[in-house]
Every structure is written in structure tokens, then in C-alpha cells.
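First comes the structure, then the notes that go with it.
The values are calculated or read from the model by the stated rules, or taken from the named source; none is laboratory data. The structure displayed is predicted, hence computed values, not measured ones. Cβ atoms come from the backbone with ideal geometry, glycine included; neighbour counts cover every protein chain shown. Areas reflect the complete protein model, heavy atoms only, side chains present, ligands, DNA and RNA absent. Shrake-Rupley method; radii C 1.70, N 1.55, O 1.52, S 1.80 Å.
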Amino acid sequence: MALRCKKSFAAYANGTPRVVKTGQLVSDDDPIVTGREANFESVDDHLAGRRLRVEQATADPGEPRDLTPPTAVTDNAGGSKPSRRGRGSSK
């Protein structure tokens, strides 16, 4: 199983210096984990805490869909019309 490092640290593992960075994945049987289990969390636990709500683009059959009406466009502070630059205009 893979583990995710919660906070960067440097340590010796089997006599070799190593740096493990935040977010780095290591195998649970890696010697760097032994004695430093508190620095790691399982990938599954990490992902479970990061689940984001995904909004549906459409309503289910029979459900009304919430629509936001467009907002009115107003003149800018100077009172001039918006520029068309960058939209294929030759000026």
C-alpha cells in the first residue's frame, strides 16, 4: 500500500541520507517509514478528506434546474463603449 508524506523531513534509512517531501508517495514497507509512521498517512485517507462535491450539469428527470439569469452589462466608469480589440477588429 502507498503512503503519503504529511510533512517534509530528512532522515537516514539503512545508513543512507534521504529527503522525503510533502506529498511524496512511498511504499508502506519502505525503511524510511519505520519509526516515522506519524509523518505519513494512507493515500485512501488523504483522498477521503479531499472529496469535493461535483455539481451536476443537468437536473435529474422531473427535477427543475436552477438557472442564473444573465446580468446586465453597464457602461464602464468613463462612459465610453467597450473596446473590441482582440476580437478580430482591425483597429
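Details
- Subset of the range 22-55 that is aliphatic (A, V, I, L, M), open to solvent by less than 70 Å² (accessible area, probe 1.4 Å) and in a loop (DSSP other than H, G, I, E, B) - its residue that is farthest from LEU67 (Cα to Cα): ILE32
- Looking across the range 8-21 at every residue that is part of a loop (DSSP other than H, G, I, E, B) and modelled with pLDDT under 95, the one that is most open to solvent (accessible area, probe 1.4 Å) is identified as ASN14.
- Close pairs from the range 20-35: first closer than 8 Å to CYS5 by Cβ, partner open to solvent by 70 Å² or more (accessible area, probe 1.4 Å) and assigned to a strand (DSSP E or B), Cβ under 9 Å, at least 6 apart: VAL20/ALA10
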